[in-house]
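Undergrad: First, the structure itself, so that you have it in front of you.
All of the numbers you see were taken from the coordinates with simple rules; none came from a lab. Bear in mind that the values here come from a model prediction, so they are computed numbers and not experimental data. Quick reminder, even Gly has a Cβ in these numbers, built from the backbone with ideal geometry, and neighbours come from all protein chains shown.
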Amino acid sequence: MVKKGIISKEGIDAVMKYGLGFRWACLGPLETADFGGLDVFAHISEYLMPDLEDSHEVPSLLAEKVKEGHLGVKTGEGFYRYDGDKAARATRERDRKLKALYDALYK
């Protein structure tokens, strides 16, 4: 959907964080992929896509990012850019949100 211009990367993440479930309140699916490593998500997609989609292919936008060496936080760019200390700040913010969510739900 991002590649076709239907929705922005921020739009996809906003839908997941604010519309589809409280568990996505901290990170959307594309942010999650950046933190997990796009190469890892591409590899998982290779064997999951035949069961999830008729095309049976790794999503082309994901495959392109991996081919370009944009693997997420670990390379400084994935779906998002992590210039300078942005990766460290994003990690701290993710952890802060997860702790606040945990505290709200379980304390």
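Undergrad: Taking the Cα centre of the chain as the origin, how large is its charge dipole in debye, to the nearest 20, when only Lys and Arg (+1) and Asp and Glu (-1) carry charge on their Cβ atoms? Numbers along the way, then the final one.
TA: On the way: 17 positive and 18 negative charges, 129 e Å.
Its charge dipole is roughly 620 debye.
Undergrad: State the answer as a single residue: which of L52, G69, F79 lies farthest towards the positive end of the charge dipole of the chain, with beta carbon charges of +1 for Lys and Arg and -1 for Asp and Glu, about the Cα centre.
TA: Final value for the positive-end residue is F79.
Undergrad: On to the next question. Rounded to the nearest 500, what is the chain's calculated 222 nm mean residue ellipticity when only DSSP H runs of at least 4 contribute -39500 (n - 2.57) each, over all residues? All intermediate terms of the calculation are to be shown ahead of the outcome.
TA: Working: 5 runs with 62 residues, N = 107.
Dividing the helical sum by the residues of the chain leaves -18000 deg cm²/dmol.
Undergrad: Looking at the calculated P(r) for the stretch 9-106, what percent of the C-alpha pair distances fall above 22 Å?
TA: On the way: 1679 of 4753 pairs.
So the portion of pairs separated by more than 22 Å is 35 percent.
Undergrad: What is the chain's relative contact order, in percent, from Cα pairs under 8 angstrom and six or more apart in sequence? Don't jump to the answer; show the numbers that get you there.
TA: Working: 98 pairs, mean separation 22.2, N = 107.
This gives 21 percent for the chain.
Undergrad: Excluding the sites themselves, what is the longest stretch of the chain that contains no GluC sites (Glu not before Pro) in a DSSP loop with at most 14 other C-beta atoms within 10 Å? Before the final figure, lay out each step's value.
TA: Values: sites that count: E53, E57, E68.
Between exposed loop sites, the widest span is 1-52.
Undergrad: How would you rank D54, D39, going from fewest to most other Cβ atoms within 10 Å of each one's own Cβ? Walk me through the intermediate numbers first.
TA: Details: D54 7, D39 19.
The most exposed by this proxy come first: D54, D39.
Undergrad: Another question, then. Reachable lysines from K99, Cα under 23 Å, same-chain residues fewer than 8 places away excluded?
TA: K17, K74, K86, K107
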